[in-house]
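Readers should treat all values here as calculations from the given coordinates under stated rules, not as data from a laboratory. The structure presented is a predicted model; accordingly, all values stated were derived computationally and were not measured. Backbone-built Cβ (ideal geometry, glycine too); neighbour counts: all protein chains shown.
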Ligand code: GDP
Ligand code: MG
């Protein structure tokens, strides 16, 4: 059944908690500010205090915000979104940097100038690939825990001189649980003690069957240091994405996920968002977690302004009123009123959970006494 804490009920009515408690006391029930009462009691209290009550279910507030189906013929191919995982020191950062640098057009002013948490590169066949630049299992699991699925393909980096290690196995489990296919990048093959065959054998023991061994997992021997076979790795990603037949409808209001967000001194809240469906435009009203805003500017991974961003495109968004959190899902809504309704509702939910856990009890009591 629906419930609410007395503190939250008081907040929503802009009444003092003590007045709610006094009223309940008159009806013979002794309560603390942190107690939870049912919706019917709450409605009686509210009406007693002269408020009109509109009961709104969660499903109503968030209704239609995400995952509304698209017509099959509205779907178009979209670039793959790739995350790099693997054991510490096996070369995740080096590989990401090498791929990005190899892709910088010769003579491009300043090379990589602006750097956001995700970037696009071009495969040898001209197709774009989006890399999420947050190697680390923590980020991956955090996003999954929030219901955000951003990755289409995981690149599993295994150092050829070190082999399968605990975080390698962890990454395999993450990818399996998320049902995301792996491509193995056997790294550091420039090293004299590199043993790529040993890596394949060890992977087999963890149910990763590489192509060489007759399995379905693509593997590429690379060297991030010597920039060897990076093109082959990009080719493998394109091949895998063709198998996955990745599609999205670009002609609808945008949905996406916050990859990272921070408060910039000059520009205010800045969020890197991966657009996953639809197209995001300047002027759109967006919600993310308990924050909302009107898109004031969109910047691509090189810091260049762009008027819009379609599926699989990572962009920096300026215009949020507060800083959202990594993993928050982003949606475009039709009006500021709707954005407020959704974010205020979520904020209430968040506070309620805090109070229920006892986190807000102390301040609530102080409020009540003052
Ligand atoms: P991460 O912890 O997985 O991000 O690993 P890093 O990218 O920080 O690399 C760890 C170390 O391995 C660094 O000293 C790199 O210079 C080195 N390294 C990375 N890739 C290669 C490679 O292909 N060959 C060699 N010889 N060293 C590499
Ligand atoms: Mg690193």
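Worth a mention:
- Angle of helix 336-356 to the longest C-alpha principal axis of the chain, folded into 0 to 90 degrees and rounded to 10: 80°.
- Efficiency of FRET from Cβ geometry, residue 97 and residue 207, R₀ 22 Å, rounded to 0.05: 0.10
- Computed log₁₀ I(q)/I(0) - Debye formula, equal Cα scatterers, no solvent, segment 1-91, q 0.23 Å⁻¹: -1.18
- For the chain: relative contact order, % (alpha-carbon pairs under 8 angstrom, 6 or more apart): 17
- Neighbour counts of C-beta atoms inside 10 Å place 186, 282 in the sequence 282, 186, starting with the fewest.
- Averaging 1/r across all pairs of distinct Cα atoms in segment 154-270 and inverting the result yields a Kirkwood radius of 16.3 Å.
- By the compact-protein rule of thumb, 2.2 N^0.38 Å, the alpha-carbon radius of gyration of the chain corresponds to a ratio of 1.21.
- Relative to the longest principal axis of the Cα atoms of the chain, the long axis of helix 92-103 lies at roughly 70 degrees.
- Placing a pseudo-label 7 Å from each Cα along the Cα-to-Cβ vector at residue 231 and residue 190 gives an inter-label distance of 1.8 nm.
- Using a simple spin-label model with pseudo-atoms 7 Å out from Cα toward Cβ, residue 23 and residue 239 lie 6.9 nm apart.
- Under 18 Å from the residue 35 label point (7 Å along Cα→beta-carbon), backbone N, segment 4-21: 4-11, 16-21
- Over the chain, dividing the summed -39,500 (n - 2.57) contributions of all DSSP H runs of at least 4 residues by the number of residues returns a 222 nm mean residue ellipticity of -10000 deg cm²/dmol.
- Computed extension length for residue 51-residue 77: 4.2 nm, one decimal, from 0.36 nm per residue of separation with the Cα-Cα distance subtracted.
- Between residue 265 and residue 251, residue separation times 0.36 nm minus the direct Cα-Cα distance comes to 1.6 nm.
- Sorted by Cβ neighbour density within 10 Å, fewest at the top, the residues 201, 217: 201, 217
- Each residue in 60, 70, 328 was given a count of other beta-carbon atoms within 10 angstrom of its own, and listing them fewest first yields 60, 70, 328.
- Taken over segment 205-280, the convex hull of the Cα atoms encloses 194 Å³ per residue.
- Full extension of the chain between residue 63 and residue 344 yields a length gain of 99.7 nm, computed as 0.36 nm times the residue separation minus the alpha carbon distance.
- For segment 151-205: relative contact order, % (alpha-carbon pairs under 8 angstrom, 6 or more apart): 48
- Cα long-axis angle, helix 166-177 against the chain (0 to 90 degrees, to the nearest 10): 70
- Between segment 277-318 and segment 173-222, the alpha-carbon center distance in angstrom: 36
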